[in-house]
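Q: Here it is, the structure, as C-alpha cells.
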C-alpha cells in the first residue's frame, strides 16, 4: 500500500488525487520489490473468440501479470482491424505491446489469415527481435521465437523469449536446442516461456538443466483435453522460480500458466 502523506506543507486536492492514482497504478502492475509475474497462453486462433475473450480478460485482470506471452495470435482483416493481442492490449490498458504475426496461414474460410506471437507488458520494451528457426522437412510451419528485452528500475534489463514449438516432440527438441545454442553463443540466458508442445520437458533436461529451472518441477496441467503439461517456463538459475499456477478452463484449449519469479 502507498503510505499516507505527512508533513506540515499543504497539498491541493488535485495533487492528492494525482498522487493517489499513481499509487493505485503502481500497486496493480509495477513490480513489488524484485518479484516478476509472467503469464503464457496459447490463444487458439479465432476459434469461438467472442465467447472466450471476456474470460481471458477477466483472468489477466485478476492475475495482473507484468508480462503476458501469447501464441496462436491471429490477424484476419476480414474480421478485425487488429490482431487479437492488440485488442486485449487496448481492453486491459497494458502500456506496451510487441506483435510478431508473421506467417500467412492456410485457411478454407478466409483469404488473409495471419498468425504468430505477441507480448503485452507493463515494463518498457527496449529491444525486440524475431528469430526464425530452421524448418524441419515434415513440419508444415515455419517456427519463430520472439526475443524481448524489458527495462526495470531504469537500469536492469530482463530478457525474455516467447516460443511456440513444433507439435512433434523430436522437432520441438531440435528447435529448443537451436534456440539455446544461439543464446549461448551470445553469452546470455533468457526467461523462456510459451507453448513448447513437449509432453515431458524433463526428458530433455540435458539441454537446459545446467542453466535453467523448469516450471515442470511443479505439477500442473496446461492442455486439459490431453491431460498434458505442454506449456512451460525455463527460468535462468540467477533467478528463483517462486510459484506456478494455471487458469480455469475456458480461456482456450490451453490453460494459461503464470509464474512468479524472484529477480534478486
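Q: Residue by residue through the stretch 130-147, note down the ones that are surrounded by fewer than 11 Cβ atoms within 10 Å (Cβ to Cβ) and touching a strand residue (DSSP E or B) at 6+ places or on another chain (Cβ under 6 Å).
A: Correct list: 132 only.
Q: Identify all residues within the stretch 71-91 that are surrounded by 15 or more Cβ atoms within 10 Å (Cβ to Cβ), touching a helix residue (DSSP H, G or I) at 6+ places or on another chain (Cβ under 7 Å) and at pLDDT below 90; write none if there are none.
A: 74, 84, 88
Q: Pull up the stretch 202-221, narrow it to residues that are under 18 Å from the mean Cα position of the chain (by Cα) and under 25 Å from residue 238 (Cβ atoms), then point me to the one that is surrounded by the fewest Cβ atoms within 10 Å (Cβ to Cβ). Quick ask: steps written out before the conclusion?
A: First pass over the stretch 202-221, keeping only residues under 18 Å from the mean Cα position of the chain (by Cα): 212-216, 220-221.
This time we only want the ones that are under 25 Å from residue 238 (Cβ atoms), so: 212-216, 220.
Numbers: 212: 20, 213: 17, 214: 20, 215: 22, 216: 21, 220: 14.
Only one residue tops the list, namely 220.
Q: Listed residues 164, 175, 113; which is under 19 Å from residue 72 (Cα atoms), surrounded by 17 or more Cβ atoms within 10 Å (Cβ to Cβ) and modelled with pLDDT under 90?
A: 113
Q: When the stretch 223-253 is examined, which residues are found to be out of contact with any helix residue (DSSP H, G or I) (no Cβ under 8 Å at 6 or more places or on another chain), buried (at least 22 other Cβ atoms within 10 Å of the Cβ) and either in a loop (DSSP other than H, G, I, E, B) or at pLDDT below 95 (or both)?
A: The one that is out of contact with any helix residue (DSSP H, G or I) (no Cβ under 8 Å at 6 or more places or on another chain), buried (at least 22 other Cβ atoms within 10 Å of the Cβ) and either in a loop (DSSP other than H, G, I, E, B) or at pLDDT below 95 (or both): 230.
Q: Tally the residues that are closer than 24 Å to residue 34 by Cα and out of contact with any helix residue (DSSP H, G or I) (no Cβ under 7 Å at 6 or more places or on another chain), restricting the search to the stretch 112-145.
A: Qualifying residue count for the region: 8.
Q: Restricting the search to the stretch 148-161, which residues are surrounded by fewer than 14 Cβ atoms within 10 Å (Cβ to Cβ) and either at pLDDT 95 or above or under 21 Å from the mean Cα position of the chain (by Cα) (or both)?
A: 153, 156, 157 - these are the residues of the stretch 148-161 that are surrounded by fewer than 14 Cβ atoms within 10 Å (Cβ to Cβ) and either at pLDDT 95 or above or under 21 Å from the mean Cα position of the chain (by Cα) (or both).
Q: Of all residues in the stretch 148-173, which are over 17 Å from residue 103 (Cα atoms) and either in a strand (DSSP E or B) or in contact with a strand residue (DSSP E or B) (Cβ under 8 Å, 6 or more places away or on another chain) (or both)?
A: Answer for the stretch 148-173, where residues must be over 17 Å from residue 103 (Cα atoms) and either in a strand (DSSP E or B) or in contact with a strand residue (DSSP E or B) (Cβ under 8 Å, 6 or more places away or on another chain) (or both): 148, 149, 150, 151, 152, 156, 157, 158, 159, 160, 161.
Q: Tell me, yes or no, whether the stretch 206-216 has at least one residue that is more than 24 Å from residue 152 (Cβ to Cβ), in contact with a strand residue (DSSP E or B) (Cβ under 7 Å, 6 or more places away or on another chain), modelled with pLDDT of 95 or more and not in a helix (DSSP H, G or I).
A: No; the residues of the stretch 206-216 include none that is more than 24 Å from residue 152 (Cβ to Cβ), in contact with a strand residue (DSSP E or B) (Cβ under 7 Å, 6 or more places away or on another chain), modelled with pLDDT of 95 or more and not in a helix (DSSP H, G or I).
Q: Can you tell me how many residues in the stretch 68-89 are assigned to a helix (DSSP H, G or I) and over 17 Å from residue 38 (Cα atoms)?
A: 3
The values are calculated or read from the model by the stated rules, or taken from the named source; none is laboratory data. Every value quoted in this text rests on a predicted model; they were computed, and no experiment measured them. As a convention, Cβ positions derive from the backbone with ideal geometry for all residues, glycine included, and neighbour counts pool all protein chains shown.
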